[in-house]
Amino acid sequence: MMMNNLSLPLTFRFKLLALAPQISVEDQSGNLLLYVRQKLLKFKEEVNVYRDEAQSDLAYMIKADRVIDFRARYTITDRAGQVIGTVKQRGMKSLWRVHFDIEDNFGRESFYIEEEKPWVRMVNGFLEEIPIIGALSGYFLHPAYLVKRVDGTQVMMLKKQPALWEGRYEFTSQGSVTEQEKTLITLSTLMMTLLERSRG
């Protein structure tokens, strides 16, 4: 099941003060498209993606194939159980520069997500832990993540935006993709963002 007429740019919003990690994906008009509230204390990551904040309309599921580590593979399915694709972090190589590989529903590596400037994320993560300064750091440091085809052609970008009391990222199109690819990339980027936020 694809997200019909998914028009970019999109906005990813994090509730920073919430006990459980929460993220919403909105279109240009501020309409809610996707919503995730992560469950706490789970040994094996399983994320349910809903179309509403009440979590009554399940759209997608993202499940890890093992207890979370740098080699975990996350399978993305629709609510009927049909596989859309997978996303996985590229092991220890991702410790400095974030790197996730995206595979289609046939297991073919089709895209990857790569951090643009690793030092920006490092400094931003450090400053966010400092009271008052952390709240203001989002106005000066804007980590960005590039989505590219396996040949290196850039197709999308996720970039942090200035915001107080929330994490806000803009997801923009940089190239041509099919609706099916757009759905896969959006959900893969959503999972990547959740993982990176949980790791600081």
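Any read-out appearing in this document is the output of simple, stated calculations on the displayed coordinates, not a laboratory observation. Note that the structure is a prediction, hence the values are computed from the model and not measured. Here the Cβ positions follow ideal geometry from the backbone for every residue, glycine too, while neighbour counts run over all protein chains shown.
At R0 = 45 Å, how high is the FRET efficiency between residue 83 and residue 53 if r is their beta carbon distance? Nearest 0.05 is fine.
The value I calculate is 0.95.
Can you spot the aspartates and glutamates whose alpha carbon is less than 18 Å from residue 15's alpha carbon? Ignore those fewer than 8 places along the same chain.
Those aspartates and glutamates meeting the cut-off are 26, 27, 52, 53, 128, 129, 166, 170, 196.
So between residue 166 and residue 108, what do we pick up on full extension, going 0.36 nm a residue minus the alpha carbon distance?
Contour length minus the Cα-Cα distance gives 17.3 nm.
If you stretched the chain out fully between residue 153 and residue 46, how much longer would it get, using 0.36 nm times the residue separation minus the C-alpha to C-alpha distance?
35.5 nm
Please work out how much length the chain gains when fully extended from residue 173 to residue 67, using 0.36 nm per residue of separation minus the C-alpha to C-alpha distance, in nm with one decimal.
Answer, rounded to one decimal: 34.9 nm.
Which entries of 148/182; 39/88; 39/160; 117/148; 117/159 show an alpha-carbon separation above 18 angstrom in the structure shown?
In this structure, 39/88; 39/160 lie more than 18 Å apart at Cα.
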